[in-house]
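Each reported figure results from applying straightforward, stated rules to the coordinates on display, with no laboratory input. Note that the coordinates shown come from a computational prediction; the quantities given were computed from them, not determined experimentally. Reconstructed Cβ throughout: ideal geometry from the backbone, glycine too, with neighbour counts over all protein chains shown.
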């Protein structure tokens, strides 16, 4: 296993510092400065395969400026009352499924916040992320939302600070090619990532970030290569 760690550090050495910074943002609940609604909007926009830097990031910022900077929308509860056809939402991204995902997640997390007596919206994201059973993700309230696949499901959990992995194509391809990590389905891949993490002493979040950073340096137009903020 020391050999695997050496290979990983050799292949990803130039991005380890950047990956560490992004790992800490996730683990400390500081993605998008800890703004839970923006975390959900990020995941929702990313769920439809948009270019991350060119489309997702600017539109998350626009959502913040249009709805949150003015305190017009300051909670999941307020977010959940919006309609998917809202003209201003469609002005940010004219894609009904994106807003179905974002509004649907907000409604579910509002319910969790109320039922569990949690203090903040981020507490609700974190509670959900900690207690959900990944292997049964399709039966989870959020997993049942039209437009939420396992990648979005896991990406949301990762942003909430759970040390897990996102089984996207780039991560799977890179790990199979360079470290021989292969699985026949995405749930098995998540298990393989957990084992790799233990073997080389780096968190799963860290491994994902290292791959996204390095691959973005190779080819800038891959949308899941690198996550900002």
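Of 115, 62, 90, which has the largest mean-square fluctuation in a 10 Å C-alpha GNM of the chain? It is 115. Place a label point 7 angstrom from the Cα of residue 21 along the Cα-to-Cβ direction, then list the residues of the stretch 46-83 whose backbone nitrogen is under 14 Å away. Once the point is set 7 Å along Cα→Cβ of residue 21, nothing inside the stretch 46-83 turns out to lie under 14 Å by backbone N. Residues of the stretch 141-163 with an amide N closer than 19 Å to a point placed 7 Å from the Cα of residue 30 along the Cα-to-Cβ direction: 158-163. The angle between the Cα long axis of helix 36-46 and the main principal axis of the chain comes to about 70°, on a 0 to 90 degree scale. With the chain treated as a Gaussian network of Cα nodes joined by springs under 10 Å, which of 70, 152, 110 yields the largest mean-square fluctuation? Between 70, 152, 110, it is 70 that shows the largest mean-square fluctuation.
For the residues 87, 18, 160, a GNM of the chain with alpha-carbon springs under 10 Å puts the largest fluctuation on 87. Stretched out straight at 0.36 nm per residue, the stretch from residue 133 to residue 116 would grow longer than its current Cα-Cα span by 4.3 nm.
The angle between the Cα long axis of helix 16-27 and the main principal axis of the chain comes to about 40°, on a 0 to 90 degree scale.
Given labels modelled 7 Å from the Cα in the Cβ direction, how far is it in nm from residue 188 to residue 84? Each label point is offset 7 Å from its Cα along the Cβ direction, giving 3.4 nm.
Between the helical axis of 2-12 and the longest alpha-carbon principal axis of the chain there is an angle of about 60 degrees.
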